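*Asks:* Here it is, the structure, as structure tokens.
The values are calculated or read from the model by the stated rules, or taken from the named source; none is laboratory data. Every value quoted in this text rests on a predicted model; they were computed, and no experiment measured them. Cβ: placed from backbone, ideal geometry, glycine included. Neighbour counts: every protein chain shown.
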Amino acid sequence: MNVRKIVHVDMDAFYASVEQRDNPQLRGKPVVVAWRGNRSVVCAASYEARRFGIRSAMPASRAERLCPDAIFLPPDFTRYRTVSSETRDIFRRHTDLIEPLSLDEAYLDVTENKSGLQTATSVARTIREQIRKELQLTASAGVAPNKFLAKIASDWRKPDGLFVIQPDDVDTFLLPLPVGRIPGVGKVTERRLDELGIKTVGDLRNQELPALESHFGRYGVRLYELARGVDHSAVVPDRPTKSISAEDTFERDLPLQETESVIRRLAEKVWSASRKESRIPRTVVLKLKTSDFDLLTRSYTPGSPPASCEELTSIALLLRERVNLGPERRFRLVGVGLSNFHEPAESPTQPVLFE
């Protein structure tokens, strides 16, 4: 069986870098791409701003406190989409197997490439050079035998870096890593793993599959495979977005009436992510998980797609009113999502009632 050659390309501080490229007065300064306001979150931060601890998805109000001199710019997703399309044009010179994850990152399967280069490393290096020369931007890239490892590798020497994981080096690279470096392992899962004495990928590999399944369900199988560097998922080009969502697991279980601030923050995050899509979402989804791990979802498809973050937030909060389990019930997770994506010309003309 031939080993696949996967490249993960991740544009460096993409939105902020585009702003700095297009306005030389912003170069070398802390730039934060975000709408201002207490309910807004950071879409992107330049590396100058990151030195102050500012990160994507952070509340904009906190970013202002961390760096009062930061330059705040509202996101211009039309411009970012144009630049993203230009990066895809560069990718297509080398392979047709391109799976975009967002405007600023994508997987490329270059097991066989169109440019006649001998190695995947050469392909990744050439792509980075072309992005730098033609777009005046920088990108980091990871090269590995599968998507899981390529994504870790692309983050290894950010910004403006290239890192390669050869098939024979997987164990040497992977086993010492903290489990938090595994994509999908958030703070809550990392803490649960720590409680089990699992701090590194090597510790995770020492666990038996039944034990991981008992603690993490189906995700335990995924953890078992990733700890062994196994990821069979293919690069799927032009996969249409089915949904966009964000969720948060609380440090302590909360009553329903105390979830509003979290719902507002998640709605802002989802709204920002949805602006990266050319297709339009029509359905708003609210997800709740009780302290007993019961999962509840409520959804609504308005007559016309949500036109603003405020409208999305209002619908999500209205959906919360449809959860009627009594004031004593506690919740451990809340999520906000958008689904039912359509092309812009397919917007409905008649309202659709609550589903």
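*Asks:* In this structure, does Ser308 turn out to be small (Gly, Ala, Ser), in contact with a Ser or Thr (Cβ under 9 Å, 6 or more places away or on another chain) and within 14 Å of Arg275 (Cα to Cα)?
*Replies:* Criteria not met by Ser308.
*Asks:* Report, by residue number, each residue of region 11-44 that is in a strand (DSSP E or B), in contact with a Pro (Cβ under 9 Å, 6 or more places away or on another chain) and either over 14 Å from Tyr80 (Cα atoms) or touching a residue at least 40 places away in the same chain (Cβ under 8 Å) (or both).
*Replies:* Residues satisfying the conditions are Val33, Val41.
*Asks:* Across region 58-80, what is the number of residues that are loosely packed, with under 15 Cβ neighbours inside 10 Å and in contact (Cβ under 8 Å) with a residue 40 or more places away in the chain?
*Replies:* Residues meeting the conditions: 2.
*Asks:* Continuing with the same structure: Are any residues in region 276-302 surrounded by 17 or more Cβ atoms within 10 Å (Cβ to Cβ) and in contact with a Pro (Cβ under 9 Å, 6 or more places away or on another chain), and if so, which ones?
*Replies:* Hits for region 276-302 are Ile280, Pro281, Arg282, Thr283, Val284, Thr301, Pro302.
*Asks:* Within region 189-219, count every residue that is assigned to a helix (DSSP H, G or I) and either among the aliphatic types (A, V, I, L, M) or in contact with a Phe, Trp or Tyr (Cβ under 7 Å, 6 or more places away or on another chain) (or both).
*Replies:* 6
*Asks:* Now a separate question. Give me the strands (runs of 3 or more DSSP E) completely within region 66-155, filtered to those with at least 1 residues that are of a type in the set (Gly, Ala, Ser) and touching a strand residue (DSSP E or B) at 6+ places or on another chain (Cβ under 8 Å), ordered by residue number.
*Replies:* 105-109, 139-144
*Asks:* Determine which member of the set Ile198, Ile152, Ile165 is β-branched (Val, Ile, Thr), surrounded by 15 or more Cβ atoms within 10 Å (Cβ to Cβ) and within 20 Å of the chain's Cα centre (by Cα).
*Replies:* Ile152
*Asks:* Against the condition surrounded by 20 or more Cβ atoms within 10 Å (Cβ to Cβ) and either under 19 Å from the mean Cα position of the chain (by Cα) or touching a residue at least 12 places away in the same chain (Cβ under 8 Å) (or both), how does Leu175 come out, does it pass?
*Replies:* No: the conditions fail for Leu175.
*Asks:* To continue, here is another question. List the number of the failed condition for Asp96; all other conditions in (1) over 21 Å from Pro30 (Cβ atoms); (2) buried (at least 19 other Cβ atoms within 10 Å of the Cβ) hold.
*Replies:* Failed condition: (2).
*Asks:* Can you tell me which condition Asp231 does not meet? The list is (1) over 21 Å from the mean Cα position of the chain (by Cα); (2) closer than 21 Å to Pro178 by Cα, and all the others hold.
*Replies:* Here Asp231 clears every test but (1).
*Asks:* Still on this structure, I have one more. Taking region 220-256, which residues are assigned to a helix (DSSP H, G or I) and touching a residue at least 24 places away in the same chain (Cβ under 8 Å)?
*Replies:* Residues satisfying the conditions are Arg222, Leu223, Leu226, Leu256.
This table checks each residue for (1) under 21 Å from Leu333 (Cα atoms); (2) at pLDDT below 90; (3) in contact with a Ser or Thr (Cβ under 7 Å, 6 or more places away or on another chain); (4) assigned by TED's automatic domain parsing to the domain that holds Pro100.
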site	(1), (2), (3), (4)
Gln207	no, no, no, no
Asp238	no, yes, no, no
Asp253	yes, yes, yes, no
Gln257	yes, yes, no, no
Thr297	yes, no, no, no
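*Asks:* Please enumerate the residues belonging to region 257-274 that are surrounded by fewer than 16 Cβ atoms within 10 Å (Cβ to Cβ) and either over 26 Å from Val33 (Cα atoms) or in contact (Cβ under 8 Å) with a residue 40 or more places away in the chain (or both).
*Replies:* Gln257, Glu258, Glu260, listed by residue number.
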